[in-house]
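The values are calculated or read from the model by the stated rules, or taken from the named source; none is laboratory data. In this text, all values refer to a predicted model and were calculated from it rather than measured experimentally. Here the Cβ positions follow ideal geometry from the backbone for every residue, glycine too, while neighbour counts run over all protein chains shown. Only protein heavy atoms, including side chains, enter the accessible area calculation; ligands, DNA and RNA are left aside. Shrake-Rupley method; radii C 1.70, N 1.55, O 1.52, S 1.80 Å.
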Amino acid sequence: VTLIPIGATTLHVANLPWLGTPVAPPTSFHADFNEGTMTPWVVYAGNASVQDGRLSHGPSRQRRLNAVVPALSFRNLTVAADVTIGAEGTGGLILRASQVACGTDAFKGYSVSLNAKSRCVEVGKSDGAKWRSLGKAPVALEAGRTVRVQVVAIGNRFQVFVGDLEHPVHTFTDSDHAAGTLGVRALGTNQFTIDNLVATAMP
């Protein structure tokens with residue numbers, strides 16, 4: 001008879017101390033999706049895939065999308081991407097996002113979204129459970145037409161550019177979310193793509 005102590009055959013996981021110096025997050029990021037994969041993106045709501053060298057959402061019964069790159073963390077930054085949105089709904093960028101989870105508004109951070117039907121760009125923030133608007137501005141948009149969107153965030157000041165990267169279409173201030181990762185967000189649409197996303201940390 002072999003006696004085995006209770007629990008000896010069970011794997012136990014404990015909180016172990018971190019050995020060494022943690023790897024600092026990168027100070028820049030570029031996604032052109034030319035390799036045809038979603039790596040290193042994680043989708044938390046809706047669905048997404050790489051098609052024709054772009055991150056694409058739709059068509060689907062889930063008319064929403066939240067996807068981020070968890071390994072990133074930016075405070076002051078410039079982020080820009082080529083965004084295409086359909087005739088319905090909104091789509092754009094997420095920045096300074098943290099505590100991202102499954103759900104439409106399940107993140108803490110900011111969003112900058114295009115709306116072709118209303119021909120505007122709208123900015124907002126989520127507290128992890130509820131999203132609220134921080135303002136909008138009219139822009140020249142056409143459904144299905146790609147436009148360059150850029151956000152410059154320094155401290156509590158944000159500048160949003162659409163098409164014309166010299167003159168912001170909207171500026172706002174908010175200090176609720178100081179740092180976090182980047183991602184994309186779409187809501188109420190079955191046609192949304194993003195490409196050539198470039199982010200650079202700033203002093």
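On inspection, PRO203 passes the criterion of being under 16 Å from THR78 (Cα atoms), in contact (Cβ under 8 Å) with a residue 60 or more places away in the chain and either crowded, with 18+ Cβ neighbours inside 10 Å or more than 18 Å from the chain's Cα centre (by Cα) (or both).
The single residue among ASP82, ASP105 that is free of Cβ contacts under 8 Å to residues at least 60 places away in the same chain, under 24 Å from VAL162 (Cα atoms) and open to solvent by 10 Å² or more (accessible area, probe 1.4 Å) turns out to be ASP105. For the criterion of being among the β-branched types (Val, Ile, Thr) and within 15 Å of the chain's Cα centre (by Cα), VAL121 fails. One residue stands out among those in region 148-203 that are small (Gly, Ala, Ser) and not in a strand (DSSP E or B): the one that is nearest to LEU134 (Cα to Cα), which is SER175. ALA67 falls short on exactly one of the conditions (1) in contact (Cβ under 8 Å) with a residue 60 or more places away in the chain; (2) surrounded by fewer than 22 Cβ atoms within 10 Å (Cβ to Cβ); (3) under 24 Å from PRO40 (Cβ atoms); (4) not basic (Lys, Arg), and that condition is (2). Could you tell me whether region 121-139 includes any residue that is surrounded by fewer than 21 Cβ atoms within 10 Å (Cβ to Cβ) and aromatic (Phe, Trp, Tyr)? Yes, region 121-139 contains at least one residue that is surrounded by fewer than 21 Cβ atoms within 10 Å (Cβ to Cβ) and aromatic (Phe, Trp, Tyr). Scan region 64-123 for residues that are of a type in the set (Lys, Arg) and not in a loop (DSSP other than H, G, I, E, B) and the total you get is 3.
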